[in-house]
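One structure below.
Taken together, the values in this text are just the output of simple stated rules run on the coordinates, not laboratory data. Because the structure is a prediction, the values reported are computed rather than measured. FYI the Cβ positions are ideal-geometry reconstructions off the backbone, even for glycines, and counts take in every protein chain you see.
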């Protein structure tokens, strides 16, 4: 009985580590919120000084200006473009190394692969198999279907369209990238799970990033308390990290595959989210600016 209890406790260690990483992310994101607010306030001050010094800026962004309401839209698009370029550039860097058969990249992939293979344990294997199933095609599809049914029941049709386009488009993009690069997987002799198709980028890593990223955005919109918003983002980051790591641990992907999957998925989610946010904010601005019809007398 004592042996069984020890084995059970050992099996729970990876899951405890998962919770610890989640709490670490949650605390970091929650503490970062006041800093982000201060940074935004600090960024607004130069704009206010410029508006005071140059009258044309004041007329463009001052009170009563028709363009002032569109300033948040411009900021959303600008931030989205910057993030998309930054994350997309990381994917392109990795893709170029893979396409050029970089010796340095192959050395890194092999070293990480061998390190993971020689440090396997039953408890860790059970954890990573659970994570790879949760972040696999069937797990992602089930999560999207359930979420879509809830959104349809609550008549959140725009959110439903965003989720379907983001998840479906991400899956199609991953297939196109795999067929473009046609990279072989690691040796099947070292794999603990069966895997089919090409290796680059990792479908599990990209799928988890797209699905959990999209749901994290919807949760961020639906939840009003900052603490729970931070928890949603922290859980997303923890799941993506666990699913991506599971593919390397199980020996079915190189570490560069999962890095590319996460960066490609992040680029796609940022693109669709910025597009949705831009359309949503433009619609809100137009709704506010459209004058109400005059009430008929009598």
Roughly how far apart, in whole Å, are the Cα centres of segment 153-206 and segment 94-128? 19
If you project the alpha carbons of segment 71-289 onto the principal axes, what extent comes out on each, in Å, largest first? 63, 36, 30
Plugging the Cβ-Cβ distance of residue 225 and residue 35 into 1/(1 + (r/R0)^6) at R0 = 22 Å yields, to the nearest 0.05, a FRET efficiency of 0.75
At what distance in nm do the modelled label points of residue 111 and residue 192 sit from each other, each positioned 7 Å from its Cα along Cα→Cβ? 2.3
